[in-house]
Amino acid sequence: MLAWRVRRPSTAPYPGFEARDEPTPRPERGELLIRVRVCGVCRTDLHVVEGDLPPHRPGVIPGHEVVGEVVDIAEGANGFAPGDLVGVAWLRGTCGRCRYCRRGAENLCPLSTYTGWDADGGYARFVTAPAAYTHRLPSGYPDTELAPLLCAGIIGYRALKRAELPDSGRLGIYGFGASAHLAAQVALARGATVHVLTRSARARELALKLGASSAGGATDPPPEPLDAAILFAPVGTLVPPALAALDRGGTLAVAGIHLTDIPVLGYQRHLFQERQLRSVTANTRADAREFLAIAAEHRLTVVTTPYPLDRADRALADLAADRVDGAAVLVP
Ligand SMILES: [Zn+2]
Ligand SMILES: [Zn+2]
């Protein structure tokens, strides 16, 4: 099968990222073998390919937004049949025994493993995944639109939860890529007022089309104080303006796995009046199930830009340069 592997970290045009033909993997105990129909391209893949995230598995195949079809089921893999349409997401395993797992915070498990980082992911024709961490998918979406739901959508949803937006609250969204455009729609479906702050004129246009009340530049003050904000852009210098835009008691959630340094904060200007700054770390399986149920109930608009699998390097370069509308997806 065709598979892309990170031989060594590199930047665009990614000489260390190579596509080769190799044998189809075999599912181990508890795993499914899945034929990849679509794999989404997430910013985290870029961090893996460029080396911002230190490699966990040498020569790993990235990709953790896999929509595919079950073709083989190993012993101990329960709940699926051949031919089932399934989704493989970022969280691939947790210990189930640590204090975090026991209290329902498996996203914080120190022994957690991730698709496309600790184990081979979906930038290939086939992928294996533990059945216990594989998801059923909502109906009513084409495969290309399901893929971005599996990380962009789930993480955006967790970030929205972490931002603790009150009912009918005012939400600020900084950066408006794949994750943000989905989180915005969930917030709007729940009656929020959404203000989008982003440097991309095309993204601002999309935000307004999807129902945002305003769309301004990345560091512009929003037209009204915010009850909650989510920082999707991996840009630490946006933390101070986003905190300054919060109303009393507001919360800023940083959605990314990687953020450039945050400049010095002023206590009065950025934090006093019980404003909070929070991170978001991966997601639990419960987050995934909740979000996929919301996606089944509200038909979300999912903007995608498809690339053939053999142009994964090009898709990453376009994502790095902010040239992608919505979510890039790879189609084998
Ligand atoms: Zn654990
Ligand atoms: Zn992701």
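Every number here is computed from the coordinates shown, using simple stated rules; none is lab data. Keep in mind that what you see is a predicted model, and the values were worked out from it rather than measured. Reconstructed Cβ throughout: ideal geometry from the backbone, glycine too, with neighbour counts over all protein chains shown.
The figures follow:
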| read-out | value |
| --- | --- |
| Table column - 3J(HN,Hα) (Hz), region 252-259, Karplus curve with 6.51, -1.76, 1.60, x for Gly and Pro | 10, 9, 9, 7, x, 7, 9, 9 |
| Full-stretch length increase - VAL71, ALA201 - with 0.36 nm per residue and alpha-carbon distance subtracted | 42.5 nm |
| Mean residue ellipticity (222 nm) of the chain, computed from DSSP H runs ≥ 4 via -39,500 (n - 2.57), nearest 500 | -6500 deg cm²/dmol |
| On Cα atoms only, tilt of 178-189 relative to the major axis of the chain in degrees | 60 degrees |
| Long-range HN-HN contacts of VAL254 with modeled amide H, under 5 Å | LEU231, ARG278, SER279, VAL280 |
| Alpha carbon centroid spacing (whole Å) that separates region 73-116 from region 242-302 | 24 Å |
| Principal-axis tilt of helix 201-210 within the chain, Cα atoms, nearest 10 degrees | 90 degrees |
| Residue among ALA178, THR193, GLY236 farthest towards the positive dipole end of region 177-238, charges placed on Cβ | ALA178 |
| Most to least packed among 230-237, 273-280, 257-264 [average Cβ atoms within 10 Å] | 230-237, 273-280, 257-264 |
| Selected from THR251, TRP117, ILE61, residue furthest toward positive end of dipole (the chain; charges at beta carbon) | THR251 |
| In sequence order, calculated HN-Hα J values of region 83-97 (Karplus, 6.51, -1.76, 1.60; Hz; x Gly/Pro) | x, 4, 8, 9, x, 10, 10, 5, 6, 10, x, 9, 7, x, 10 |
| Charge dipole magnitude, Cβ of K and R +1, D and E -1 - region 184-332, Cα centre, debye nearest 20 | 80 debye |
| Vicinal HN-Hα couplings computed from phi for region 118-131 (Karplus, 6.51 cos²θ - 1.76 cosθ + 1.60; Hz; Gly/Pro x) | 8, 9, 5, x, x, 7, 6, 7, 9, 9, 9, 8, x, 4 |
| Shape call, region 227-332: gyration tensor on alpha carbons, a/c limit 1.5 | oblate |
| 9 Å beta-carbon shell around LEU85, net charge (K/R +1, D/E -1) | -1 |
| Shape category assigned to region 40-144 from the gyration tensor of Cα positions, a/c cut at 1.5 | oblate |
| Amide H contacts of ALA215 (H built 1.01 Å from N, under 5 Å, at least 5 apart or other chain) | VAL196 |
| Burial ranking of peptide ranges 9-16, 128-135, 155-162 (average Cβ count within 10 Å, highest at the top) | 155-162, 128-135, 9-16 |
| Dipole magnitude (debye, nearest 20) for the chain, charges at Cβ of Lys, Arg, Asp, Glu | 520 debye |
| Degrees, to the nearest 10: 152-162 long Cα axis against longest axis of the chain | 40 degrees |
